[in-house]
Number of protein chains: 2
Amino acid sequence: MDAQSACMNNLSNTPIADAFSAGLPLPSTLDPRFEEALRHVLDHPGSLIRPRMILLVASAYGLDAGAARDLAIALEYFHTASLIFDDLPCMDNAMERRGVACVHFEFGEAEAILTALALINRAYALIWRAVSSASRDSQRHAMAYIEQLLGVNGLLNGQSLDLHYATLPHTRETTETIARGKTVSLIRLTLVLPAMLGGASERELQLLERIALYWGFAYQMVDDLKDLLDSQAKSGKTVARDLLLDRPNSASALGIPAAVQRLTRFIELGDRSLANLLQLRIGFSFLGKLRSSLEEELARVTDNLCEMPAGVRP
Amino acid sequence: MDAQSACMNNLSNTPIADAFSAGLPLPSTLDPRFEEALRHVLDHPGSLIRPRMILLVASAYGLDAGAARDLAIALEYFHTASLIFDDLPCMDNAMERRGVACVHFEFGEAEAILTALALINRAYALIWRAVSSASRDSQRHAMAYIEQLLGVNGLLNGQSLDLHYATLPHTRETTETIARGKTVSLIRLTLVLPAMLGGASERELQLLERIALYWGFAYQMVDDLKDLLDSQAKSGKTVARDLLLDRPNSASALGIPAAVQRLTRFIELGDRSLANLLQLRIGFSFLGKLRSSLEEELARVTDNLCEMPAGVRP
């Protein structure tokens with residue numbers, strides 16, 4: 001989801017990065033090796049696009065600043081933990097993350113797992129603090145929503161399907177089910193949860209849900225198209241990394257022209273929901289920026305397609 | 001902690017085992033492989049000693065039955081998840097758990113990790129439901145307590161120290177710090193959390209904390225002594241599994257006579273707190289049974305010592 005980051009560069013990262021680093025207090029009795037692993041993660045935040053979005057949505061709904069920050073850091077901790085697990089040898093076997101060595105690569109798998117669990121434990125505590133002054137009804141909705149999107153109905157199921165993609169039918173339905181679990185779940189939490197706690201109307205929540213879904217699919221499609229096109233540009237034939245590794249890629253499942261068409265459609269559908277949302281509530285102009293970044297990505301993809309030698313163009 | 005199980009056999013396990021199996025509803029859209037791994041875990045509960053204790057403490061404080069059950073299953077899910085992680089090749093590399101193959105052995109490490117995370121996600125949701133009707137103050141205390149005992153101040157730090165035991169001074173302090181994190185944390189949650197939510201007085205909570213601490217140390221000492229004595233009985237020399245693997249073992253750190261003495265002391269200290277607690281509140285006679293099981297274990301250990309040939313007796 002690098003594409004999302006580009007458009008948000010004008011917002012300063014420093015206060016959020018500081019909150020990310022300081023959001024998990026480390027006791028003096030901590031095992032020094034565990035402390036090193038945790039500091040390695042806490043001192044290397046990613047693009048922080050999700051917490052920044054959360055703060056903007058929270059501010060549009062007048063959510064208390066402390067609760068908004070707790071929510072923002074909690075979601076980023078969940079996201080970071082999911083990356084630490086994803087990077088393990090038994091999953092994606094990655095070596096580098098956020099510009100530095102993966103935590104398992106530097107500190108061992110066991111320490112990486114404990115580090116991810118520490119982030120998750122702290123994330124639940126921060127979420128709890130963020131909702132603690134909300135009404136009982138809001139609390140109940142928020143906690144059920146989090147359980148649904150992070151658990152067996154959401155992120156974890158997406159991750160499991162992703163791991164078993166080789167055994168599943170390589171169709172659009174499969175790749176979109178996986179994207180719905182892996183990519184859309186965290187975008188839904190990012191856009192909808194702060195609005196939910198800020199007292200958004202049912203209609204507003206519904207529109208934010210749709211925007212999260214369409215944009216989640218769109219960003220996933222951009223990534224999949226880039227993967228496919230980059231590989232083609234480099235190797236001069238239609239063999240993409242995702243394809244080689246038998247990872248889900250909606251652009252391979254659909255074919256490039258249909259994938260570009262579908263991406264365009266997602267952007268259009270997102271636009272409709274965004275237009276309806278902007279009629280209901282001001283303070284959402286920042287969503288327009290994210291939307292523009294999607295269109296820029298689409299333009300980049302189609303430019304790439306045109307620049308390819310005719311022989312390798314799909 | 002097998003010792004704990006023995007004394008509780010007269011309590012039927014069936015309703016708790018059913019609640020354990022049914023406590024994590026699996027959606028029809030779940031990845032079939034993920035579902036198999038989850039069913040493997042949910043259909044093979046352990047001794048269920050912790051959830052049974054929670055129900056008894058909750059009942060002594062008149063806690064709502066639904067909240068008590070949610071709490072009991074949540075704690076057992078946390079415990080089960082911690083065992084799934086512990087058993088991974090990068091930690092204890094175990095092959096069997098609860099009479100069946102470890103989940104990573106049967107379904108792969110990635111699926112084992114997702115299964116443990118699903119249990120954790122559900123556990124937080126159940127905890128949340130259990131505290132949702134408590135006063136705001138009780139909620140805040142309970143959530144902070146859970147964060148403290150499961151996170152970098154508790155279970156996770158104990159596990160990290162345990163993994164790095166080879167690099168630490170092999171002293172009583174080290175083994176007790178590890179036991180405090182790994183063993184005592186979950187016993188504290190088991191005895192104190194339901195009492196906290198049931199409105200126990202500060203004094204009662206303090207006594208339950210002490211009982212959890214002394215008994216936690218005592219059970220750990222029993223396990224460590226058994227490990228040391230079993231190995232001696234089998235191999236005829238002073239080489240225990242823990243020692244061979246360089247795992248923390250307080251009986252090796254202290255020597256067997258001092259370890260037996262210290263175990264006796266923990267039981268005495270626990271007795272004092274228990275006697276004080278029984279003066280304050282009725283309905284805690286079940287704790288007497290747990291206490292007796294500790295004494296039986298101590299007797300078994302000293303019997304074993306006496307039966308050993310003089311040559312190998314420590």
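The values are calculated or read from the model by the stated rules, or taken from the named source; none is laboratory data. Quantities reported herein were computed from a predicted structural model and do not represent experimental measurements. Positions of Cβ are backbone-derived with ideal geometry, glycine not excepted, and every protein chain shown enters the neighbour counts.
Among the residues of the stretch A:95-116, is there at least one that is more than 21 Å from B:T115 (Cβ to Cβ), among the aliphatic types (A, V, I, L, M) and at the interface with chain B (Cβ under 10 Å from one of its Cβ atoms)? The answer is no, given that none of the residues of the stretch A:95-116 is more than 21 Å from B:T115 (Cβ to Cβ), among the aliphatic types (A, V, I, L, M) and at the interface with chain B (Cβ under 10 Å from one of its Cβ atoms). Looking only at the stretch B:121-134, decide whether some residue is within 9 Å of chain A (Cβ to nearest Cβ), of a type in the set (S, T, Y) and not in a helix (DSSP H, G or I). Checked the stretch B:121-134: at least one residue is within 9 Å of chain A (Cβ to nearest Cβ), of a type in the set (S, T, Y) and not in a helix (DSSP H, G or I). Look at B:P51 and say whether it is within 13 Å of chain A (Cβ to nearest Cβ) and either in a helix (DSSP H, G or I) or at pLDDT 95 or above (or both). It is false that B:P51 is within 13 Å of chain A (Cβ to nearest Cβ) and either in a helix (DSSP H, G or I) or at pLDDT 95 or above (or both). Scanning the stretch B:163-182 for residues that are more than 9 Å from chain A (Cβ to nearest Cβ), surrounded by fewer than 23 Cβ atoms within 10 Å (Cβ to Cβ) and either assigned to a helix (DSSP H, G or I) or at pLDDT 95 or above (or both) turns up B:Y165, B:A166, B:R172, B:E173, B:T174, B:E176, B:R180. Residues that are farther than 14 Å from B:Y219 by Cα and in contact (Cβ under 8 Å) with a residue 40 or more places away in the chain within the stretch B:169-189 comprise B:H170, B:T171, B:R172, B:T174, B:L189, listed in sequence order.
With the structure loaded, tell me whether B:L269 is at pLDDT below 90 and part of a helix (DSSP H, G or I) or whether it fails that test. Here the answer is no, as B:L269 does not meet what is asked. Would you be able to say whether some residue in the stretch B:195-205 is outside any helix (DSSP H, G or I), more than 20 Å from A:A125 (Cβ to Cβ) and within 12 Å of another protein chain (Cβ to nearest Cβ)? No, every residue in the stretch B:195-205 fails to be outside any helix (DSSP H, G or I), more than 20 Å from A:A125 (Cβ to Cβ) and within 12 Å of another protein chain (Cβ to nearest Cβ).
In the set (1) free of Cβ contacts under 8 Å to residues at least 60 places away in the same chain; (2) out of contact with any helix residue (DSSP H, G or I) (no Cβ under 8 Å at 6 or more places or on another chain); (3) among the aliphatic types (A, V, I, L, M), the condition left unmet by A:L213 is number (2). Condition check for A:M91 on (1) more than 9 Å from chain B (Cβ to nearest Cβ); (2) in contact with a helix residue (DSSP H, G or I) (Cβ under 7 Å, 6 or more places away or on another chain); (3) not in a helix (DSSP H, G or I): one failure, at (1). Of all residues assigned to the stretch B:135-149, at least one qualifies as being outside any helix (DSSP H, G or I), surrounded by fewer than 17 Cβ atoms within 10 Å (Cβ to Cβ) and more than 11 Å from every other protein chain (Cβ to nearest Cβ). Give me the residue from the stretch A:1-29 that is modelled with pLDDT of 95 or more, surrounded by 19 or more Cβ atoms within 10 Å (Cβ to Cβ) and out of contact with any Pro (no Cβ under 9 Å at 6 or more places or on another chain) and, out of that set, farthest from the other protein chains (Cβ to nearest Cβ). For the stretch A:1-29, the residue satisfying everything is A:G23.
Note on the stretch A:98-108: among residues that are surrounded by fewer than 20 Cβ atoms within 10 Å (Cβ to Cβ) and either touching a Lys or Arg at 6+ places or on another chain (Cβ under 8 Å) or not β-branched (V, I, T) (or both), the one that is nearest to B:E109 (Cα to Cα) is A:G108. Taking (1) outside any loop (DSSP other than H, G, I, E, B); (2) surrounded by 20 or more Cβ atoms within 10 Å (Cβ to Cβ); (3) more than 18 Å from the chain's Cα centre (by Cα) in turn, B:L63 satisfies each apart from (1).
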